[in-house]
1. Might you let me know whether the range A:485-498 holds any residue that is among the hydroxyl-bearing types (Ser, Thr, Tyr) and facing chain C (nearest Cβ under 10 Å)?
2. Of the residues that sit in the range C:126-147 and are without any contact (Cβ under 8 Å) to a residue 24 or more places away in the chain and farther than 15 Å from C:Cys204 by Cβ, which one is surrounded by the most Cβ atoms within 10 Å (Cβ to Cβ)?
3. Restricting the search to the range A:200-231, which residues are surrounded by fewer than 24 Cβ atoms within 10 Å (Cβ to Cβ) and under 26 Å from B:Tyr86 (Cβ atoms)?
4. Just checking, does the range A:303-325 include any residue being more than 10 Å from every other protein chain (Cβ to nearest Cβ), farther than 20 Å from A:Thr180 by Cβ and not basic (Lys, Arg)?
5. Which of the residues spanning the range C:20-73 are charged (D, E, K, R) and away from chain A (no Cβ under 14 Å)?
6. On the given criteria, is A:Val333 at negative phi and part of a strand (DSSP E or B)?
7. So C:Lys61 ticks every box in (1) touching a strand residue (DSSP E or B) at 6+ places or on another chain (Cβ under 7 Å); (2) in a loop (DSSP other than H, G, I, E, B); (3) surrounded by fewer than 19 Cβ atoms within 10 Å (Cβ to Cβ) but one. Which box is left unticked?
8. Between residues in the range C:169-191 that are facing chain B (nearest Cβ under 7 Å) and charged (D, E, K, R) and residues that are in a strand (DSSP E or B) and buried (at least 22 other Cβ atoms within 10 Å of the Cβ), which pairs lie under 7 Å by C-beta distance while being six or more apart or on different chains?
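The values are calculated or read from the model by the stated rules, or taken from the named source; none is laboratory data. Note that the coordinates shown come from a computational prediction; the quantities given were computed from them, not determined experimentally. FYI the Cβ positions are ideal-geometry reconstructions off the backbone, even for glycines, and counts take in every protein chain you see.
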Amino acid sequence: MREEPVMNGANSAAAPGGYTIDICMAAGCLSCQADLVKDALEKEISKHGLGDTCSVRGVGCLGLCMAGPLIVVEPTGVMYGSAVSADAEAIVKSVSGAPVKRLELNAQQPFFSRQVKIVLENSGRIDPEKLEDYLAQDGYAALSTAVTEMTPPGVVNRILKSGIRGRGGAGYPTGLKWGTVAKSTGAQKYVICNADEGDPGAFMDRAVLESDPHRVLEGMAIAGYAVGASQGYIYVRAEYPLAVKRLKNAIRQAERAGYLGSNICGTDFRFNVDIRLGAGAFVCGEETALISSIEGNRGIPRPRPPFPAAKGLWNSPTLINNVETFANIAPIVRNGGEWFASIGTEKSKGTKVFALAGRVSNTGLVEVPMGITLREILYDIGGGIPDGKKFKAVQTGGPSGGCLPEQFLDMAVDYESLAKAGSIMGSGGMIVMDETSCMVDVARFFMEFCMTESCGKCVPCRVGTCQMHDILAKITGGTATMRDLDLLEELCDTVKSCSLCGLGQTSPNPVLSTLRYFRDEYMAHIQDHVCPAGVCQMKPARTLAEVAA
Amino acid sequence: MQSRQPALEGKPSAPSPNVAAPVADDKRWKLVNATMRRHGYQSHALIETLHTVQEAFGYLDDDSLRYVSAALKVPYSKVYGVATFYHFFTLKPQGEHTCVVCMGTACYIKGAPALLAGIREAIGVESGQTTDNGRVSVLSARCIGSCGLAPAVVLDGEVAGRMNAKDLKDRLAGWMASGRAVEEVVPQ
Amino acid sequence: MSDTVKTLSIDGQDVSAVENQTILDASREAGVEIPTLCHMDGLCDIGACRLCMVEVAGIPKLLPACVTKVAEGMEVTTDSPRLRGYRKTIVEFMLSERNHICSVCVSNGHCELQAMAQRLGVDHVHVPYRYPKLPVDASHERFVLDHNRCILCTRCVRACDEIEGAHTWDVMGRGIDAKVITDLNQPWGDSPTCTSCGKCVNVCPTGALFEKGRSVGEMIKRKSFLPYLTQMREGKK
């Protein structure tokens, strides 16, 4: 096993008037050997004796993941993509002169220029393992202001004014949630950060945790002050070991510097943060199941009411918010609620980070203001569909969401519009599909996911997802009848209405949305025994004679 | 079932004196004890402790489960229920090498099923199985968060993005042949 | 100490209930029977079977009566064509999930699942049967566990944990593959924690848990001991 990559070793001090070569060291680029490229860059700097004017720095996610490893040279702003170790010499030599053309990426292209960064404002610009870098970007200034100059209700009010809604998917007004927890009575209150990002196709939270962990800690601490909690937990999925490592490091640094622990910023406010690991259960992204998991149990959801805000972790009032929600808190406290509310639409304020993936040219992370159209995201920023293929659908909201066809390309992306169109905002995953995807197979894929992730407590979800999946498998296998389709639609309604938690309740959504917009594909499979996209392997149809024989 | 409030103040309770680590001088048990001690031997430390056991021993066997059950005062059936609920934990020893194929949406769209088919062709195992010679275990994950580099696999703990069936088959063949980790630059 | 009294209407009937009472309890006191399977007097309610879902005016979602507390002015509907349809489907889900063959079962004629199906008018199952291959554990000296008849109501788990205190039973795995187990998924007869008290057998609603030596239709469960034990525990009169 290769050793852990060292962020910043020998050449880490940036010389004044000198050049810094920033290279992304988040999980995506690391999987493209970014650490080897970084080592090579440092060696070349030593070799050519440029240590006084040039240094290498590991930074966080720069967003354009498919072009990793990504490099930005400061202060010139030259950007390189897909660098390999062998390019190190050329890059190092080019810092003061002309860029290396064959590696250069346009740093002004729409992918970068059209983004509005709040959550990702530090991503790719600071070393996530250095507290000083975070402090230099006004880090912990908001926390300091909150605990020394504002009252807890004042903080809650500012969040309310901002209009921010939970970024985990449900979109519940964050200020309202904070207010409820603040008013709940209990000797001990908790703040939980939901970093269980289980939606397949979503990696926004991962990027924030790996690229700017202090941001999340600051948000949690401000929340603790606002609601009266002294203990915080970050529930991170086990599949994100680098995020866990960077968080642990950040917690240690923050404690040493007095931003966590006792007497924060010299006041008598104390707030501790501990990490709790997930262990591979999508259902633990549901807040009551997450709480059950932190309590050391199976991740089984509990009926709500009572809501966690009143009775949560160990029956105490608990505030649970998503990573991205916490990442917005410090800027809101710094710049004011009105500033945040001036971005976005009337009911969906601020920005949203989307994980663009699938059949789109520029896959990676983008942060855009609410209200931007799908077309702008997918074509202007995303670069459109590659290989000359045609856009078919975009899937949002993961297994709880829906697939939107061409007619919605000019729709504004916000909570209400997406819901009206039959999908949801979700956590931010946006998977693009072209004519090579079969929409029935996509529905089957998501139902299979829900079936294997179901906790098994309630009958409608445990058995219903299995029955619905079997019908979808019959359809993609070419053996279904129209009666099967009727049954499928009936079961969707039962499971949606009777399931205990969001997993079961939203499991029919991909089926319902593909039935709504791509019913012809279902008909083709059932009646014509054909998969229009050519994906499904169907058993050959038998003639009546063969059946009778 | 009521969940017990953790002891907020006071000394953590030590494990009962009759409980000895299965192999007393195996240093890996020190790591497990350290995790339990860090959480004050409270029952809610169960998942964190099972993580340490799996990291140290590679999997969770019955003896480890009994030891943790006694130390944290959690009933056997509850420990087993937790160990089998979470897919990250395994009760079977893994092969020398592990290949995790991501089956998230982006990877699925970009060809993860073809990778699994390739694995089946090359070494004859499905996801969740280990080869007969104990060299390679294949697993699938629901999403590892490398969607920008779909399709992604994790080879012995390292993420490899933009994987294709041929390169994956070559890598697995190398593992099956030599049995040692082959240091190759994963193709970009 | 006086608890506040709440007034609400259940199926058009005005009912008074005590604060913190569940809709299920309030309904039963008013003589309205709501179907349940995972509920058992004396055990904690978990809201798992979803048979007790009711409609409440002004709330778009259905609510489980066994865990939802009454509120002043609530208008509850416990019976409607929509609810009846869902309840039938849920029972059919249970019947299709595993292998429930009444004609050879020790609980034939005395089974809560069978009685529920009859009560709701389930005369056929319109979802495909799954026919899973599930084992029978007859290793215990006095009792047998037949997974084929289990509906995962978890009454056995709760009874063993809350009443007997042994916590021999729990659930392993998840979703459609979940199963009740004893200790480390060992044969019940080898269990070091089981006290052989038989409480789990008597709270089990079907023929999944039964006493050895019973033939078809002969397993009659004795539930009368349970509320008595609960009253002793909670010091009620």
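1. Checking the range A:485-498: at least one residue is among the hydroxyl-bearing types (Ser, Thr, Tyr) and facing chain C (nearest Cβ under 10 Å).
2. C:Pro135
3. Answer for the range A:200-231, where residues must be surrounded by fewer than 24 Cβ atoms within 10 Å (Cβ to Cβ) and under 26 Å from B:Tyr86 (Cβ atoms): just A:Gln231.
4. So far as the range A:303-325 goes, yes, one or more of its residues are more than 10 Å from every other protein chain (Cβ to nearest Cβ), farther than 20 Å from A:Thr180 by Cβ and not basic (Lys, Arg).
5. Matches in the range C:20-73: C:Asp25, C:Arg28, C:Glu29, C:Glu33, C:Asp41, C:Glu72.
6. So A:Val333 fails the test.
7. (1)
8. Final answer for the pair search is C:Asp170/C:Ile181.
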